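*Asks:* Before we start, here is the structure in question, set down as structure tokens.
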Amino acid sequence: MADPRLRLARTPGVGPITYAQLLRRFGDAGAAIAALPDLARRGSGGGGRPPPAVPDERTMAREEARVAALGGRYLFRDDPDYPPLLAEVDDAPAVLIALGDAGVARRPAVAVVGARNASAASCRWARELALDLARGGAAVVSGLARGIDAQAHAGALGAGSEGAGTVAVIGCGADVFFPPENRDLQARVAAEGLLLTEYPPGTDPLARHFPQRNRVIAGLAQGCVVVEAAPRSGSLITARLAGEQGREVMAVPGHPSDPRAQGCNGLIRDGATLVQSAADVLELIRPIDPRASVRAPGMNWAGPPPEDASDAQRRDVEALMGRVPVPVDELVRQSGHPPAAVQMVLVELEIAGRLERHAGGRVSLS
């Protein structure tokens, strides 16, 4: 029988935040699945929208078999092996597929990211930085892309069994190799480190997956180092997400005339820490108290579990919303209703396909 948590996580309209809220409200995934039709009816405002199509057990059993054939396992957010820092992030994936040693993600970690078309000098520097970080006891997290990412993984693997290892987060299925030239590197990470994805086997590397992948990279680590990045690059998205999650944001300075250095120089101008060696990075992420294992961001306050909202509360919250994203805290303040009731209204709207969630705890009507 397929795990009901997997069926709930793979249900359209059930995002990571709603998944967590449903489990807190109903206690287990089976009860949450049974409640979906009624929640969709409430969230549709009487519009008669059909409830979300929950994948059947046969479909999920096929996925589970494919994951097992790859040598992978599932890490659900309430499992003890789920990466602890990532679990603190509000929109952390409900479930990850892991190939390799899940223990790598429990070590102090640093994300090392940068340009795909990086310069030869920066590629070498990233590889040496990752090697020194791994030897210094910090796992290296990156996205297995061309350029800086690939060099970071290769450098960390170069530390061998005495290093802290590396974690690669990909934006496709674990059986898909993207970019193709990193096929051998991906296989090596899965064998010697840890390969993570939130997407089922066979999922293609679509453009919309990579910002989602970046939030996982940022969430796994105590800090994020950007080695080389042009303006508006994906690496800057990872750095921004790291900052929003309370992580250390670090950047390697570059020459002002090099376009590939503009992103890093801009980060430093805006307050990121300038780093020039692994020692600089390790100093920032090591705990102040040596008895502590890591210096981690504070645990998020979960608040009370969601509770059923009245029709009046539902109308009030929906009336405050529009196409412009607004913080959930602002909806609570302006509506005057309990946070637990407001959260349930948002859950109903998302299940009905009428809600979009945005970075920074903001929501809007879709």
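The values are calculated or read from the model by the stated rules, or taken from the named source; none is laboratory data. Not measured: the values here are computed from a predicted model. Cβ coordinates were reconstructed from backbone atoms using ideal geometry, including for glycine residues, and neighbour counts include every protein chain displayed.
*Asks:* Which one of these is in the same structural domain as Ser142 (by TED's automatic domain parsing) and closer than 19 Å to Gly114 by Cβ: Leu206, Leu194, Leu241?
*Replies:* Working: Leu206 fails: closer than 19 Å to Gly114 by Cβ; Leu194 fails: closer than 19 Å to Gly114 by Cβ.
After ruling out the rest, the residue left standing is Leu241.
*Asks:* Separate question: Would you mind telling me which numbered condition in (1) modelled with pLDDT of 95 or more; (2) in a loop (DSSP other than H, G, I, E, B) Cys264 fails?
*Replies:* Condition not satisfied by Cys264: (2).
*Asks:* Taking the residues in the stretch 216-245 that are assigned to a loop (DSSP other than H, G, I, E, B) and under 14 Å from the mean Cα position of the chain (by Cα) as candidates, determine which candidate is farthest from Ser277 (Cα to Cα).
*Replies:* Among those that are assigned to a loop (DSSP other than H, G, I, E, B) and under 14 Å from the mean Cα position of the chain (by Cα), it is Gln245.
*Asks:* Taking the stretch 336-358, which residues are crowded, with 18+ Cβ neighbours inside 10 Å and over 28 Å from the mean Cα position of the chain (by Cα)?
*Replies:* Of all residues in the stretch 336-358, those crowded, with 18+ Cβ neighbours inside 10 Å come to 337, 340-352, 354-355, 357.
His337 - this is the single residue of the stretch 336-358 that is crowded, with 18+ Cβ neighbours inside 10 Å and over 28 Å from the mean Cα position of the chain (by Cα).
*Asks:* Quickly run through the stretch 321-366 and pick out the residues that are among the basic types (Lys, Arg) and assigned to a helix (DSSP H, G or I). Walk me through how you get there before you give the answer.
*Replies:* Taking the stretch 321-366 first, the residues among the basic types (Lys, Arg) are 323, 333, 354, 357, 362.
The answer is Arg333, and nothing else.
*Asks:* Follow-up. What are the residues in the stretch 157-198 that are touching a residue at least 60 places away in the same chain (Cβ under 8 Å) and of a type in the set (A, V, I, L, M, F, W, C), if any?
*Replies:* The answer is Ala164, Val167, Ala174, Val189, Ala190, Ala191, Leu194, Leu195, Leu196.
*Asks:* Within the stretch 64-74, is there a residue that is free of Cβ contacts under 8 Å to residues at least 40 places away in the same chain, part of a strand (DSSP E or B) and within 18 Å of the chain's Cα centre (by Cα)?
*Replies:* The first filter runs over the stretch 64-74 and keeps only residues free of Cβ contacts under 8 Å to residues at least 40 places away in the same chain, leaving 65, 68-69, 73.
If we keep only those that are part of a strand (DSSP E or B) as well, we get 73.
Now drop any that are not within 18 Å of the chain's Cα centre (by Cα), which leaves 73.
Yes, there is a match, as at least one residue in the stretch 64-74 is free of Cβ contacts under 8 Å to residues at least 40 places away in the same chain, part of a strand (DSSP E or B) and within 18 Å of the chain's Cα centre (by Cα).
*Asks:* If we keep just the residues of the stretch 82-111 that are charged (D, E, K, R) and under 23 Å from Glu162 (Cβ atoms), which is farthest from the chain's Cα centre (by Cα)? I'd like the intermediate steps shown before the answer.
*Replies:* In the first step, residues of the stretch 82-111 are kept if they are charged (D, E, K, R); the result is 88, 90-91, 101, 106-107.
Next, from what is left, pick out any that are under 23 Å from Glu162 (Cβ atoms): 101, 106-107.
On the way: Asp101: 18, Arg106: 15, Arg107: 17 Å.
Filtering the stretch 82-111 for residues that are charged (D, E, K, R) and under 23 Å from Glu162 (Cβ atoms), the one farthest from the chain's Cα centre (by Cα) comes out as Asp101.
*Asks:* May I pose another question? Do we have any residue at all in the stretch 132-144 that's in the same structural domain as Val189 (by TED's automatic domain parsing), in contact (Cβ under 8 Å) with a residue 60 or more places away in the chain, of a type in the set (A, V, I, L, M) and in contact with a Pro (Cβ under 6 Å, 6 or more places away or on another chain)?
*Replies:* So far as the stretch 132-144 goes, yes, one or more of its residues are in the same structural domain as Val189 (by TED's automatic domain parsing), in contact (Cβ under 8 Å) with a residue 60 or more places away in the chain, of a type in the set (A, V, I, L, M) and in contact with a Pro (Cβ under 6 Å, 6 or more places away or on another chain).
*Asks:* Hey, among Ala126, Ala120, which residue is more than 21 Å from the chain's Cα centre (by Cα), among the aliphatic types (A, V, I, L, M) and more than 25 Å from Arg286 (Cα to Cα)? So that I can check it myself, show each step before the final result.
*Replies:* Values: Ala126 fails: more than 25 Å from Arg286 (Cα to Cα).
Answer to the check: Ala120.
*Asks:* Considering each residue of the stretch 130-182, count those that are within 29 Å of Ala69 (Cβ to Cβ) and among the basic types (Lys, Arg), and give that number.
*Replies:* 1
*Asks:* Of the residues Arg7, Arg58, Arg42, Arg24, only one is of a type in the set (Lys, Arg), out of contact with any Pro (no Cβ under 8 Å at 6 or more places or on another chain) and surrounded by 15 or more Cβ atoms within 10 Å (Cβ to Cβ); which?
*Replies:* Numbers: Arg7 fails: out of contact with any Pro (no Cβ under 8 Å at 6 or more places or on another chain); Arg58 fails: surrounded by 15 or more Cβ atoms within 10 Å (Cβ to Cβ); Arg24 fails: out of contact with any Pro (no Cβ under 8 Å at 6 or more places or on another chain).
From the options Arg7, Arg58, Arg42, Arg24, the qualifying one is Arg42.
*Asks:* From the list Ser161, Ser233, which residue is surrounded by fewer than 24 Cβ atoms within 10 Å (Cβ to Cβ) and under 24 Å from Arg106 (Cβ atoms)? Reasoning before the result, please.
*Replies:* Working: Ser233 fails: under 24 Å from Arg106 (Cβ atoms).
Residue meeting the stated conditions: Ser161.
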